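Novice: Dropping the structure in here first, questions after.
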Amino acid sequence: MALAWFLGRKPPAVRLSREVPGQGFEGTRVPYRVRIEIDTRRPLRVIVEDPTPLSVVSSEVLTAGGLTLGHTVTELDGSLTLNRRGEYAWPGGRVRWADPLGLFWRSVPLNVPATIEVYPGTHGLVLPDLLRPLLSEGQLSRTLGLEDPISLRGARPYVSGDPPGRVHWRLSARSGTLTVRELERTAASSLTVFVDTSGTDVFVNSAVRLASSLIQEALALDLPVSVATPAGATPSGRTPEALRAALRLLARLEPQDPRVVGMPLVIPPIRAGGNLMVLTQKAPPDLVEQAMRARASASRVAIVAIPEGFYLEPGENPRRQWVGAPDTVRELERRAGILAEVGVLVFVLRGNQSVLRLGA
């Protein structure tokens, strides 16, 4: 026993290296390879373990070891299933060793830390297809886009509903007909998806998947994208770095009502001429007010309400469904026509796959 204790007192030299992508999407599988090198001058029983983080499941238990002497190399191949979005710290594993008889076991951690980012998957509903026309205004026209106050297209006769500030008084006096200035319009230049985090965990997960689908659709249309929350917004751009920053923010997003911690519910400023999509669960009045303020610079604003207990994604486990929407969503429905007049569209998700557009 004394000889066994003496032979196992010194740890072996162990080097562990991984080959695994640092990013992946929720619900996908990524390849995984581990290389373990063990050097020892005396016979030892060695076990090397490298457990994966939570919500990242390996196809097999990746462990290596046994009775070892000299230099040994072990390579293990497998795959990782990314079950849930988030950013996970990967510890450096642990090596355990003992004498040849296995009487005295010791262990030390391996300093091989890593991080894996699990981005949200795509939305299972057809909602991204229904909202795709809202991502871009398309070609410039006389009715679509954001008015450019420094560019004059021409003049036309006054139509009921035109703002008085656009009346061309000098031309009206000269022609004898009330005439208004018609301004040039610019197409949507970007997309900003704002996620209201003051909701349940179920809503936030669904809103995150929807936001992920929308920004990927916008990038396919070559539009700069950005994701915003009450805490701030990611840089707007169409580069892989901008997409990664948006997906990273969505991966880390957790339910949190800013008003509970003493912060106002504010929509960060967006690029002029861009589109703003607001994803919310309860549509509180202060959020609707912020959306109307954003319309001053945005080409189009859309509020997408996802009431809890009022909506299921395809394939989702059944939850208790309520017969009516919250009072704030009902108030949003009553004000949908007024909001549509100022350029704020309202969508409410109902049932399993139906989407109701209000105020059209």
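Novice: Take the conditions modelled with pLDDT of 85 or more, part of a loop (DSSP other than H, G, I, E, B) and open to solvent by 30 Å² or more (accessible area, probe 1.4 Å) and apply them to Arg84. Does it pass?
Specialist: So Arg84 fits the description; yes.
Novice: Another question, if that's okay. Going through region 273-302 one residue at a time, which ones are farther than 15 Å from Pro230 by Cβ and either more than 22 Å from the chain's Cα centre (by Cα) or in a strand (DSSP E or B) (or both)?
Specialist: Those that are farther than 15 Å from Pro230 by Cβ and either more than 22 Å from the chain's Cα centre (by Cα) or in a strand (DSSP E or B) (or both): Gly273, Asn275, Met277, Pro285, Met292, Arg295, Ala296, Ser297, Ser299, Arg300, Val301, Ala302.
Novice: Just a yes or no: is a residue in region 89-97 at positive phi, assigned to a loop (DSSP other than H, G, I, E, B) and crowded, with 18+ Cβ neighbours inside 10 Å?
Specialist: yes
Novice: I'm told Leu265 meets every condition in (1) part of a loop (DSSP other than H, G, I, E, B); (2) within 18 Å of Thr328 (Cβ to Cβ); (3) free of Cβ contacts under 8 Å to residues at least 12 places away in the same chain except one. Can you identify the failing condition by its number?
Specialist: If we test Leu265 against (1) part of a loop (DSSP other than H, G, I, E, B); (2) within 18 Å of Thr328 (Cβ to Cβ); (3) free of Cβ contacts under 8 Å to residues at least 12 places away in the same chain, just (3) comes out false.
Novice: Same structure again: Hey, can you tell me all the residues within region 234-272 that are of a type in the set (Gly, Ala, Ser), at pLDDT 90 or above and either loosely packed, with under 13 Cβ neighbours inside 10 Å or over 15 Å from the mean Cα position of the chain (by Cα) (or both)?
Specialist: If the condition is that a residue be of a type in the set (Gly, Ala, Ser), at pLDDT 90 or above and either loosely packed, with under 13 Cβ neighbours inside 10 Å or over 15 Å from the mean Cα position of the chain (by Cα) (or both), then no residue fits.
Novice: Being open to solvent by 50 Å² or more (accessible area, probe 1.4 Å), under 30 Å from Val56 (Cβ atoms) and charged (D, E, K, R), is that true of even one residue in region 287-294? Before you say what the answer is, go through the steps one by one.
Specialist: Step one: of region 287-294, the residues open to solvent by 50 Å² or more (accessible area, probe 1.4 Å) are 289, 292-293.
Subset that is under 30 Å from Val56 (Cβ atoms): none.
Taking every residue of region 287-294 in turn, none turns out to be open to solvent by 50 Å² or more (accessible area, probe 1.4 Å), under 30 Å from Val56 (Cβ atoms) and charged (D, E, K, R).
Novice: Any residue in region 65-75 that is touching a residue at least 12 places away in the same chain (Cβ under 8 Å) and farther than 28 Å from Trp5 by Cα? Steps first, please.
Specialist: Applying the first criterion (touching a residue at least 12 places away in the same chain (Cβ under 8 Å)) to region 65-75 yields 65-75.
Remaining after also requiring farther than 28 Å from Trp5 by Cα: 75.
So far as region 65-75 goes, yes, one or more of its residues are touching a residue at least 12 places away in the same chain (Cβ under 8 Å) and farther than 28 Å from Trp5 by Cα.
Novice: Can you tell me which residues in region 186-245 are of a type in the set (Ser, Thr, Tyr) and either touching a helix residue (DSSP H, G or I) at 6+ places or on another chain (Cβ under 6 Å) or not in a strand (DSSP E or B) (or both)?
Specialist: Initial filter on region 186-245 (of a type in the set (Ser, Thr, Tyr)): 186, 189-190, 192, 197-198, 200, 206, 212-213, 226, 229, 234, 236, 239.
Across region 186-245, the qualifying residues are Ser189, Ser190, Thr197, Ser198, Thr200, Ser206, Ser212, Ser213, Thr234, Ser236, Thr239.
Novice: For residues that are surrounded by 18 or more Cβ atoms within 10 Å (Cβ to Cβ), of a type in the set (A, V, I, L, M) and farther than 23 Å from Ala228 by Cβ, scanning just region 303-335, find the one that is modelled with the lowest pLDDT.
Specialist: The residue in question is Leu312.
Novice: Considering every residue within region 28-48, establish whether at least one is open to solvent by 70 Å² or more (accessible area, probe 1.4 Å) and hydroxyl-bearing (Ser, Thr, Tyr).
Specialist: No: zero hits.
Each row is one residue, and each column tells you yes or no for (1) at pLDDT 85 or above; (2) within 21 Å of Arg85 (Cα to Cα); (3) not in a loop (DSSP other than H, G, I, E, B).
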position: Arg15; (1), (2), (3): yes, no, yes
position: Gly24; (1), (2), (3): yes, yes, yes
position: Asp39; (1), (2), (3): yes, no, yes
position: Arg45; (1), (2), (3): yes, no, yes
position: Gly65; (1), (2), (3): no, no, yes
position: Leu69; (1), (2), (3): no, no, yes
position: Glu75; (1), (2), (3): yes, no, yes
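Novice: Also, quick follow-up: If we keep just the residues of region 198-233 that are under 19 Å from Pro284 (Cβ atoms) and polar (S, T, N, Q), which is surrounded by the most Cβ atoms within 10 Å (Cβ to Cβ)?
Specialist: Ranking the qualifying residues of region 198-233, first place goes to Ser206.
The values are calculated or read from the model by the stated rules, or taken from the named source; none is laboratory data. It should be emphasised that the depicted structure is a prediction, and the values quoted were computed from it without experimental measurement. When we count neighbours, we look across all protein chains shown, and the Cβ atoms used for this are built from the backbone with ideal geometry, even at glycine. All accessible areas refer to the heavy atoms of the entire protein, side chains included, with ligands and DNA or RNA removed. Shrake-Rupley method; radii C 1.70, N 1.55, O 1.52, S 1.80 Å.
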